[in-house]
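The block underneath contains the structure these notes are about, expressed in structure tokens.
Since every read-out is calculated from the coordinates, none of them should be taken as a lab result. Given the structure is predicted, the values throughout are model-derived calculations rather than measurements. Cβ atoms come from the backbone with ideal geometry, glycine included; neighbour counts cover every protein chain shown.
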Amino acid sequence: KFENKRGNRYEVPRPDVAQISAPADEVSVSTESVGRPQILTDGNGNPLIKIDGNSATIWQYALATLSSLNHKVIGQSKNANEATVKIDNSTYVLKLNSVGSSNTLAVFNADNSFADKEKAAELLTQIYQNWPA
């Protein structure tokens, strides 16, 4: 049809209204999906774990993994994803930083400097190998 009811204009056909609805359980699964962790190093050679997905879920997995490794969490930040962990009479801070859907898990000393590369790599490898997802 190339003209409207008056016969003077082209009328664009309108699409039918489609109702798209996803089941509620599918929506919750997609927001909580977490990718498989990857062990990486930053530009300075410090080990990191990169995980894609929801940062709150990833943080819960990280804490669960620490617990399964019998590492004692002696402190946890309420407003940031940080946990203070005591391992072999040394204190480390595990931090989760997120940019969009990409998250990195890194190990720091108590003074916020990067932890010794070998110790950090050992802890992150244990977390990687025992990741629950």
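What are the residue pairs meeting all of these: first residue in segment 117-133, first residue on the phi < 0 side of the Ramachandran plot and surrounded by 13 or more Cβ atoms within 10 Å (Cβ to Cβ), second residue among the basic types (Lys, Arg) and not in a helix (DSSP H, G or I), Cβ atoms under 9 Å, and 6 or more apart or on different chains?
TRP131/ARG36; ALA133/ARG36
Check ILE74, ILE87 and return the single one that is of a type in the set (A, V, I, L, M), without any contact (Cβ under 8 Å) to a residue 40 or more places away in the chain and loosely packed, with under 14 Cβ neighbours inside 10 Å. Full working, then the answer.
On the way: ILE87 fails: loosely packed, with under 14 Cβ neighbours inside 10 Å.
Going through ILE74, ILE87 in turn, just one is of a type in the set (A, V, I, L, M), without any contact (Cβ under 8 Å) to a residue 40 or more places away in the chain and loosely packed, with under 14 Cβ neighbours inside 10 Å: ILE74.
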